[in-house]
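First the structure, in the form of structure tokens, and then the observations on it.
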Amino acid sequence: MSETTVAVLLDRLHRCQVDERRRIARELHDVIAPTLAVVLHDLELFGALRHSSPARAEAKLEAAAAHLRAALDQLRGVTAALRRDPGTGALGDELRAYLDVAGFSAPTRLHLPDSEPPLPRPVRGELFLILREALRNAHRHGRPTVVDVTITADDGQVLARVRDDGAGFDPAAVPASGIGIVSMRERAAACGGTLVIRPRSGGGTEVAVAVPLSEGDG
């Protein structure tokens, strides 16, 4: 292996590590922090109402306790997701597990084939990470009412689409590093695939990633 190849691989590893640290920070900021902010608001109202309106104050204290329990559940979900090694399970199962802890306000509908395409574990892991980032972008930036994930296998490739009905955005006008577009493209390329981000005619955005089925994968 040449020094140039080693340098390229080390650079990609470093960028993946940086991306993962940023993702963890986003998970904590986007999922846990809002719930804790609600807890703080409830406690502030409790302090303001405890003398003038004890009943309302008690209700706010109970709400704060409920929100703290929710934050604890969210934190457990995030840490469980971080421990999970992408690609070890079926792609559909990993997507469902992620959606269970993501805390998105809009529903996500999964449209999966009856039989999951037989992808090698590393490719399956990369595809999951691409779809996870696409889902985050759709929910956090697009403000959709619904998001659809569709996975099909045909003509020797697996095609996965994430579509939302939100506000949409111009990928060329958004800093790629800010919403993980560079990382998504690199992961697709590492699998020998392609990634396309385009606006939808009826509004919203579509992310489409295609990866080849290697010979012997079906």
- Here the residues within segment 130-156 that are buried (at least 21 other Cβ atoms within 10 Å of the Cβ) and touching a Lys or Arg at 6+ places or on another chain (Cβ under 6 Å) are ILE130
- Task: Could you check how many residues of segment 68-92 are at pLDDT 90 or above and either surrounded by fewer than 13 Cβ atoms within 10 Å (Cβ to Cβ) or more than 17 Å from GLY125 (Cβ to Cβ) (or both)?
- Result: 1
- Task: Kindly list the number of the only condition in (1) at pLDDT 75 or above; (2) surrounded by 11 or more Cβ atoms within 10 Å (Cβ to Cβ) that fails for LEU9.
- Result: (1)
- Quickly run through segment 130-147 and pick out the residues that are closer than 23 Å to LEU213 by Cα and of a type outside the set (A, V, I, L, M, F, W, C). ARG132, GLU133
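The values are calculated or read from the model by the stated rules, or taken from the named source; none is laboratory data. Bear in mind the structure is a predicted one, so any value in this text is a computation, not a measurement. Every residue, glycine among them, receives a Cβ derived from its backbone with ideal geometry; neighbour counts consider all protein chains shown.
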